[in-house]
Amino acid sequence: MKTQSTSPILAIFAALFLFAAGCNTPAKDTDTQTTAVSAMTPEQKQAIEQEISSLVKEFFQQVEKLDIEKCMTYFENTPDFQAVNPDGTFGDYNALKKLNADGFNQMKTLSVVPAKEVIRVLTDSLVLYTFSMEQNTTLKTGQKIKFEHVAGTMLFTKINGAWKATFYQESASAPVAVK
């Protein structure tokens with residue numbers, strides 16, 4: 001006579017029940033709370049805008065120096081980092097670094113002429129920065145090129161007390177040869 005043991009079946013059922021219950025349990029609050037922009041004072045918001053404005057000014061100065069290593073310190077080097085390149089392709093931190101290093105290596109000089117910037121504080125640790133500019137470059141061959149319309153977006157996240165770009169998108173019109 002064969003007896004059927006129900007304990008393995010009960011154990012599987014209990015495990016599935018606990019798993020399903022865990023999936024429906026809301027996430028617990030953590031100590032890393034952010035403050036929504038609606039709860040911030042105008043002074044707090046203005047201070048963040050000034051931090052980002054100073055940061056991107058430094059960043060574009062490094063771009064003009066064609067210093068890829070220094071430029072990349074403004075970005076968060078994590079698997080979650082995303083970039084959308086001017087040609088519409090997606091990339092990660094390393095792909096963005098390689099793309100820009102390849103471009104910088106062809107240039108003798110680069111100047112950035114800002115046209116407009118918009119800083120939108122989303123929370124005390126998340127800021128959307130959008131810019132438009134003109135870029136003028138002299139290639140190592142001596143040829144001069146102008147990018148009349150360059151626009152981009154950077155999503156800055158405050159990580160361990162420092163602002164880092166965790167997303168970058170850039171669009172540009174085709175370059176124009178300058179005589």
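Computed from the coordinates by the stated procedures, all read-outs in this text should not be read as laboratory data. Keep in mind the model is a prediction, meaning the values are calculated, not measured. All Cβ positions, even for glycine, are placed from backbone atoms using ideal geometry, and neighbour counts span all protein chains on display.
Using C-alpha pairs under 8 Å with a sequence gap of at least 6, the mean separation divided by the residue count of the stretch 39-178 gives a relative contact order of 22 percent.
For the residue pairs LYS65/LYS146; LYS45/LYS158; LYS108/LYS164, the alpha carbons lie more than 24 Å apart in LYS108/LYS164. Spacing of the modelled spin labels on ARG120 and PHE104, each 7 Å from Cα toward Cβ, amounts to 2.9 nm. Note on VAL178 and SER54: with the Förster distance fixed at 41 Å, the Cβ-Cβ geometry gives a FRET efficiency of about 0.85. So which aspartates and glutamates can LYS116 reach, going by Cα to Cα under 19 Å and dropping same-chain residues fewer than 8 places off? Within the straight-line cut-off, LYS116 pairs with GLU49, GLU51, GLU58, GLU64, GLU134, GLU148, GLU170.
The length gained on full extension between ILE159 and VAL37, counted as 0.36 nm times the residue separation minus their Cα-Cα distance, comes to 42.1 nm.
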